[in-house]
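Below: the structure, in structure tokens.
The values are calculated or read from the model by the stated rules, or taken from the named source; none is laboratory data. On a predicted model such as this, the values are computed, not experimentally measured, just so you know. So basically every Cβ, Gly included, is an ideal-geometry build from the backbone, and we count neighbours across all protein chains shown. In case anyone asks, the SASA skips ligands and DNA or RNA and just uses the protein heavy atoms, side chains included. Shrake-Rupley method; radii C 1.70, N 1.55, O 1.52, S 1.80 Å.
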Amino acid sequence: MAITLVNPSGLPEIDAYRQVSIATGSKQVFIAGQVAWDADGVTVGEGDLAAQIEQCYVNIATALAAVGGSFADVAKLTIYVVDWTPDKMPLLIEGITRAAAKLGVTPVPPGTLLGVAALDIPEHLVEIEATAVID
């Protein structure tokens, strides 16, 4: 595997993800922000942040598989959530946990969470982009 995920001593250990990823592969993969569309362009989980996060992860896994990768190759995620407030954290964690279980993702790579005013259409509550490195 091209990616090693670690929680260094001296930084908080977060259950939901690892603080650092070390990339040693040679092919960089940049996946466009994925929203909660299924293969037909229908929004999955309208009004349900956890369900939309799960679908975003599934879409990222699909994109990775198309280029010979998997979540084990993800170096970093960036998550954009509409109207983010800290009280949405349990839904964020629920969606990540469900997706990780479905896809066999352990541990989850480092990420950045950003609150945004809006996304492409009002039904989309979250968008997630990924950077991966593949041997």
Can you sort LYS76, LYS88 by 1.4 Å-probe accessible area, starting with the largest? LYS76, LYS88
For region 110-118, Karplus couplings with θ = phi - 60° (6.51, -1.76, 1.60), whole Hz, Gly/Pro x: x, x, 10, 10, 10, x, 10, 6, 7
Candidate residues TRP37, TRP84: accessible-area rank, largest first, probe 1.4 Å: TRP37, TRP84
Where nothing but the Cβ of Lys and Arg (+1) and of Asp and Glu (-1) is charged, how large is the charge dipole of the chain around its Cα centre, in debye to the nearest 20? 540
Put one equal scatterer on each alpha carbon of the chain, apply the Debye formula with no solvent term, and list log10 I(q)/I(0) at q = 0.14, 0.18 1/Å to two decimals. -0.60, -0.98
For the chain, what % of the accessible area comes from carbon and sulfur atoms, probe 1.4 Å? 57
Working from Cα positions, state the angle (0 to 90°, nearest 10) between the long axis of helix 49-66 and the longest principal axis of the chain. 50
The chain: calculated mean residue ellipticity at 222 nm from DSSP helix runs of at least 4, using -39500 (n - 2.57): -8000 deg cm²/dmol
Could you state the angle between the C-alpha long axis of helix 89-103 and the longest principal axis of the C-alpha atoms of the chain, as a value from 0 to 90 degrees rounded to the nearest 10? 60
Quick one: of the DSSP bridges fully inside the chain, what percent are antiparallel, nearest 5? 75
Surface per residue (accessible, 1.4 Å probe) for the chain, Å²: 52
